[in-house]
Amino acid sequence: MIIIKKNEPLANHCTYRIGGPARVLFLAADEREIIAGIEIAKENRFKTMILGGGSNILFSDRGFDGLVLKLANNFIKIAEEKEDRAVVLAGAGAPLAALVKFALDNSLAGMEWAAGIPGTAGGAIRGNAGAFGREIGASVLRVRALEISGKSVVPAIVGKEDCAFGYRESVFKRNKNLVITAAKFVLEKGNANEIADKIKECAEKKRISQPLDFPSAGSVFKNPEGFFAAKIIEDCGLKGRSAGGAQISEKHANFIVNRGNAKADDVLALIAQIKAAAKEKFAVDLKEEIEIV
Ligand SMILES: Cc1cc2nc3c(=O)[nH]c(=O)nc-3n(C[C@H](O)[C@H](O)[C@H](O)COP(=O)(O)OP(=O)(O)OC[C@H]3O[C@@H](n4cnc5c(N)ncnc54)[C@H](O)[C@@H]3O)c2cc1C
């Protein structure tokens with residue numbers, strides 16, 4: 001069932017808990033509803049943006065003057081089974097955590113690294129999310145998308161080779177007219193106990209290294225080639241620096257956390273300070289990993 005909310009605070013729809021109202025928030029539970037949302041936006045000449053789990057986004061304090069299309073098509077099923085592997089089909093709105101759990105429940109290996117990463121399958125594919133040397137692109141077989149061109153909305157199947165996965169990159173990030181609606185993943189058959197152990201290990205490593213006790217959107221900057229953004233920020237002496245309610249985490253310097261009542265402008269002020277210091281001290285141009293809306 002389509003759910004439409006007017007003037008909906010975006011702070012309620014992102015892990016940062018920051019952001020003013022969306023003119024319209026449109027919750028779509030299947031592909032038909034996603035198309036309906038895109039068409040309503042076109043008819044009303046609203047700007048449109050796609051929202052997954054909101055775990056890689058900083059929304060403006062002024063909100064979004066358009067239609068936010070939140071994907072809630074969260075089915076996950078086995079599409080095909082072979083002796084040694086299975087193809088899993090998931091809706092773009094399926095939480096990554098649910099995909100990790102589904103793989104475990106079916107003794108399928110290959111998603112353990114994603115334990116503890118928030119967000120949806122669609123958001124993860126778009127940014128080629130990764131951890132511990134693994135990336136989601138490695139498990140993608142093909143992606144189902146909608147291409148918005150002029151007045152039409154055309155379904156497209158994008159094979160893995162055309163996804164152009166790179167470090168936190170994909171064709172979906174470069175082409176904003178592509179909306180991911182579902183994807184197929186190839187996972188290897190494995191041993192449930194070993195998969196469970198790996199999941200625990202990955203989640204524990206994240207718990208130890210990341211400031212999970214405060215709202216954030218994960219790592220703010222990509223690691224520049226040959227560097228770690230967190231180390232650069234630390235070496236600039238910025239760890240713990242605050243602006244309003246936002247703070248560069250004491251635990252992981254590439255996280256800017258919301259200490260309670262941060263505004264987007266507070267986070268942006270810290271981003272600007274970090275970029276200026278990294279440029280001055282290390283001649284490095286840090287690039288945001290998070291999406292600033
Ligand atoms: C505590 C914490 C830890 C994290 N750890 C990691 C980590 O280890 N590794 C990592 O890679 N990331 C990490 N992240 C960042 C984030 O969880 C991932 O980038 C996640 O994959 C984003 O998915 P999402 O659904 O929340 O995307 P959103 O934040 O909703 O959207 C991000 C961008 O993708 C676009 N988008 C979303 N869905 C679609 C779609 N279906 N089609 C087209 N475009 C779409 C949006 O328009 C937006 O531009 C972390 C975040 C937090 C808060």
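The values are calculated or read from the model by the stated rules, or taken from the named source; none is laboratory data. The structure displayed is predicted, hence computed values, not measured ones. For neighbour counting, all protein chains shown are included, and Cβ atoms are generated from backbone atoms with ideal geometry for every residue, glycine included.
What to note about this one:
- Of all the listed residues (LYS281, LYS287, LYS275), the sole one being surrounded by fewer than 22 Cβ atoms within 10 Å (Cβ to Cβ), in contact (Cβ under 8 Å) with a residue 60 or more places away in the chain and outside the structural domain of CYS14 (by TED's automatic domain parsing) is LYS287.
- From VAL24, VAL68, residue being at pLDDT 95 or above, within 11 Å of the ligand (Cβ to nearest atom) and assigned to a strand (DSSP E or B): VAL68
- Cβ pairs under 7 Å, 6+ apart, first in the range 143-160 and acidic (Asp, Glu), second assigned to a strand (DSSP E or B): GLU147/VAL154; GLU147/ALA156; GLU147/LEU178
- Helices (runs of 4 or more DSSP H) wholly inside the range 76-164 that include at least 3 residues being in contact with a Gly (Cβ under 9 Å, 6 or more places away or on another chain): 96-105, 121-126
- Checking ALA131, ALA164 one by one, the residue that is in the same structural domain as ALA94 (by TED's automatic domain parsing), closer than 30 Å to ALA36 by Cβ and surrounded by fewer than 23 Cβ atoms within 10 Å (Cβ to Cβ) is ALA164 and no other.
- Qualifying residue in the range 175-190 (condition: in a helix (DSSP H, G or I) and either away from the ligand (no atom under 14 Å from the Cβ) or modelled with pLDDT under 95 (or both)): no
- Condition check for GLY53 on (1) small (Gly, Ala, Ser); (2) within 21 Å of GLY150 (Cβ to Cβ); (3) modelled with pLDDT of 95 or more: one failure, at (2).
- Of everything listed in (1) over 20 Å from VAL257 (Cα atoms); (2) under 18 Å from the mean Cα position of the chain (by Cα); (3) of a type in the set (Val, Ile, Thr), the single unmet condition for ILE57 is (1).
- The set of residues from the range 1-21 being within 16 Å of the ligand (Cβ to nearest atom) and outside any helix (DSSP H, G or I) comprises GLU8, PRO9, CYS14, THR15, TYR16, ARG17, ILE18, GLY19.
- Residue among PHE102, PHE64, PHE132 that is aromatic (Phe, Trp, Tyr) and closer than 17 Å to GLU291 by Cα: PHE64
- The range 247-272 - residue that is in contact (Cβ under 8 Å) with a residue 60 or more places away in the chain and within 24 Å of SER209 (Cβ to Cβ) and, of those, surrounded by the most Cβ atoms within 10 Å (Cβ to Cβ): VAL267
- Residue selected from the range 191-223 under the condition within 20 Å of the chain's Cα centre (by Cα) and among the aliphatic types (A, V, I, L, M), by the criterion farthest from the ligand (Cβ to nearest atom): ILE199
- Among residues of the range 98-145, those that are within 10 Å of the ligand (Cβ to nearest atom) and either more than 22 Å from LYS173 (Cβ to Cβ) or of a type in the set (A, V, I, L, M) (or both), counted: 12
- Filter result (of a type outside the set (A, V, I, L, M, F, W, C), part of a loop (DSSP other than H, G, I, E, B) and either over 27 Å from ALA124 (Cβ atoms) or within 21 Å of the chain's Cα centre (by Cα) (or both)) within the range 261-293: ASN261, LYS263, LYS287, GLU289
- Odd one out for GLY226 among (1) more than 10 Å from the ligand (Cβ to nearest atom); (2) at pLDDT 95 or above; (3) small (Gly, Ala, Ser): (2)
- Going through (1) of a type in the set (Val, Ile, Thr); (2) over 30 Å from ASN254 (Cα atoms); (3) more than 10 Å from the ligand (Cβ to nearest atom) one by one, VAL171 falls short only on (2).
- Being assigned to a strand (DSSP E or B), β-branched (Val, Ile, Thr), within 13 Å of the ligand (Cβ to nearest atom) and surrounded by 17 or more Cβ atoms within 10 Å (Cβ to Cβ) is a property that holds for THR48.
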